[in-house]
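As structure tokens, the structure follows; a few thoughts come after it.
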Amino acid sequence: DSAHKLVSALKAGDMWDNTLMVFLSDNGGIIRHGSSNSPLRGEKGEYYEGGIRVPGFFSGGFVERELLRSGTEPYTSKALFHVTDIHATMLKVAGVHADPGEIDGVDQWDAIVEAKDSARGSILHNINSDLFGNAGALRHGDYKLIVESRVSESEIYSYGQSMLQDSDWDMSELSQVIHQKLLRTPGQYCLYNVVKNPSEDESGDCADFEGCTNLYYNEDFAAKRDEMLALWADYVADVPSSTEEWVDDGPLADPAHFGGYWTPWRDESGIPYAIYALADETHHLTLAQHPGQKGEQEKVDMSEALGSGGQLAAGAKALKGEGDITEDEERRRLESSAGAASAGVVQSAICLVGGVVAGVLGTVATTRRQEQRRRGLF
């Protein structure tokens, strides 16, 4: 209904003839939510076609005119098309020149309006970092390789979070344990001809076995398998290390701290407002600006519940001075004076906060290490 209203408004405003409208989904549906991706296999979050192949269409008076110009009747295209190609194609239509190496997508306009073959021959659907098992999928020509780790990304993340709750791990230690516990055995590999077998059927019940078989373990397709694995290895070699920080901000981002609203919960320096108890002195929609605020005693209780929050808040408030200066103004003042020799008082205040933070973190780290030694972990 919303699309109909939009089209009607464009036509009423005499803008439809110059309109190019693109309508598409971002991923397959979730089956347990009532979606159906049939006849494709899989759903959102999976590398099967049901999770990554979606319908879409180009419409608008501009498209109609271009189809007439090229002598092409409206049709359904099966050309290989990636979501990043939308950007590149729109740039072409708008007359903006972009070097192929500057953007990820490729221009597909001629393929669309002249019913030509796709302007691309392959798509790297996804590839995870080593920490998450290098799982992903690659389409090259008519064939698609799926590489699955033994466990899912969400299971790896949950396991890492549970480890951090019990011990103080650095990233190298955490990565080693995850590989030893979760990724020491390989996952599943699949190879499909997705032109003949778009449903990625493995029943083997068809006249042409390419249309209903996982070809990865079929020796007749060993050359194609090796070709796809070599392409995959090239991508794996270029994958950067994971930037996952393993930080669970759930309690700090709880809308209950901000009057029931979802709002930024960290300042520009990455400090959570809830820990520093500065919410009622910022320009954000925070504790003091929403109805149903917590009382002063409740705020004190929240700081105590957060452990070092009360101490950090005291140190942070030392920066505020006697005047009624907002947090954002104070931050700008500190940034502009950080390099000046005359800013001794400000720098001393910063050191005060830094010392409190370092002291709290150092105490926590030392306590955890002592506990680990008692338990024989180190």
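The values are calculated or read from the model by the stated rules, or taken from the named source; none is laboratory data. Note that this is a predicted model, so its numbers are computed, not measured. Cβ sites come from the backbone with ideal geometry, for glycine too, and all protein chains shown count toward neighbours. For accessibility, only protein heavy atoms count, side chains too; no ligands or nucleic acids. Shrake-Rupley method; radii C 1.70, N 1.55, O 1.52, S 1.80 Å.
Of the conditions (1) in contact with a helix residue (DSSP H, G or I) (Cβ under 8 Å, 6 or more places away or on another chain); (2) touching a residue at least 60 places away in the same chain (Cβ under 8 Å); (3) open to solvent by less than 60 Å² (accessible area, probe 1.4 Å), residue 241 satisfies every one except a single condition; which number is it? Failing condition for residue 241: (3).
Restricting 91, 67, 124, 131 to residues that are of a type in the set (A, V, I, L, M, F, W, C), assigned to a helix (DSSP H, G or I) and in contact (Cβ under 8 Å) with a residue 60 or more places away in the chain narrows the list to 131. Out of the stretch 9-34, which residues are part of a helix (DSSP H, G or I), in contact with a helix residue (DSSP H, G or I) (Cβ under 9 Å, 6 or more places away or on another chain) and exposed (fewer than 15 other Cβ atoms within 10 Å of the Cβ)? Answer for the stretch 9-34, where residues must be part of a helix (DSSP H, G or I), in contact with a helix residue (DSSP H, G or I) (Cβ under 9 Å, 6 or more places away or on another chain) and exposed (fewer than 15 other Cβ atoms within 10 Å of the Cβ): 11, 17, 18, 31.
Residues of the stretch 250-287 that are charged (D, E, K, R), at pLDDT below 85, assigned to a loop (DSSP other than H, G, I, E, B) and surrounded by 12 or more Cβ atoms within 10 Å (Cβ to Cβ): 267 alone.
For every residue, the table says whether it meets (1) in contact (Cβ under 8 Å) with a residue 60 or more places away in the chain; (2) not aliphatic (A, V, I, L, M).
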{"residue": "183", "(1), (2)": "no, no"}
{"residue": "189", "(1), (2)": "no, yes"}
{"residue": "212", "(1), (2)": "no, yes"}
{"residue": "228", "(1), (2)": "yes, no"}
{"residue": "237", "(1), (2)": "no, no"}
{"residue": "254", "(1), (2)": "no, yes"}
{"residue": "265", "(1), (2)": "no, yes"}
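Against the definition (at positive phi and either at pLDDT 80 or above or not charged (D, E, K, R) (or both)), how does residue 219 come out, yes or no? So residue 219 fails the test. Within the stretch 174-192, the set of residues being aromatic (Phe, Trp, Tyr) and exposed (fewer than 12 other Cβ atoms within 10 Å of the Cβ) is empty. Taking the stretch 8-56 as the range and being in contact (Cβ under 8 Å) with a residue 24 or more places away in the chain and among the β-branched types (Val, Ile, Thr) as the test, the residues that pass are 19, 22, 52, 54.
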